[in-house]
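The values are calculated or read from the model by the stated rules, or taken from the named source; none is laboratory data. Predicted model, so just to flag it, every value in this text is computed and none were measured. Cβ coordinates were reconstructed from backbone atoms using ideal geometry, including for glycine residues, and neighbour counts include every protein chain displayed.
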Amino acid sequence: MYSEIKDKLHFINISIDELSLFDWKPPHIYKSYILDLNIVKENSTREIFFHINKGNMKIVYIRKNSLIYSIGSNQDMQFQILEAILEKVDEKLHEKYDIEVIFSYGNITASIFKNFDVQEILDNIKDLDLIKKVDVFCRVCKVVLPLYVKKSIMRNSTSFPVPIVYTHQGHAVLCYIDKEFIVRGVELVNITG
């Protein structure tokens with residue numbers, strides 16, 4: 001799974017409302033995602049991950065203070081993996097740059113962030129230990145499914161087991177995962193929206 005992540009990604013972007021500050025795309029992707037990024041910028045809610053299923057692509061984004069982090073991939077990637085990557089991108093960006101000081105001067109341009117690189121994160125994703133695979137039995141499909149869970153969910157959770165909804169093949173299961181990443185229950189849930 002880890003070796004396939006870079007091949008499945010379409011873009012990683014860091015923006016503010018007015019402009020893109022950083023943009024990464026793999027060499028095999030030539031498409032522009034400007035319209036997708038405009039959709040993301042319309043949502044002003046902060047500190048919550050949002051997911052978009054868009055044709056053959058998944059997009060995850062989060063607004064943290066003035067920055068908007070977004071990532072796109074093909075449909076094979078699970079949202080939790082994409083969220084984990086964005087959390088690590090945010091961490092590395094703040095390690096390299098003093099964002100509050102940069103923003104305090106105003107007149108921000110993308111050239112400030114031209115030396116930021118996500119390649120190291122993507123090349124070492126397995127060693128970063130950001131996610132954990134959990135096997136979940138789906139009573140509808142009658143198969144065991146791999147569910148990838150961000151380790152940060154367990155670190156930051158105040159109660160256990162943690163509920164996670166896994167949507168696949170037109171239905172969804174609600175999985176209860178304990179702090180040791182052991183599945184404590186799975187149930188079929190109804191979907192609306």
- The condition from (1) touching a residue at least 60 places away in the same chain (Cβ under 8 Å); (2) over 18 Å from LYS88 (Cα atoms); (3) surrounded by 13 or more Cβ atoms within 10 Å (Cβ to Cβ) that PRO146 misses is numbered (3)
- Item | Residue check for LEU86: surrounded by 14 or more Cβ atoms within 10 Å (Cβ to Cβ), modelled with pLDDT under 95, part of a helix (DSSP H, G or I) and not assigned by TED's automatic domain parsing to the domain that holds ILE164 | no
- Of the listed residues (GLU100, GLU95), the one being under 27 Å from SER66 (Cα atoms) and at pLDDT 95 or above is GLU95
- Counting just the residues of region 40-65 that are within 20 Å of ALA110 (Cβ to Cβ) and surrounded by 14 or more Cβ atoms within 10 Å (Cβ to Cβ), which one comes out farthest from the chain's Cα centre (by Cα)? LYS41
- Task: Read through the list (1) at pLDDT 95 or above; (2) over 23 Å from GLY193 (Cβ atoms), then give the number of the only condition that ILE71 fails.
- Result: (2)
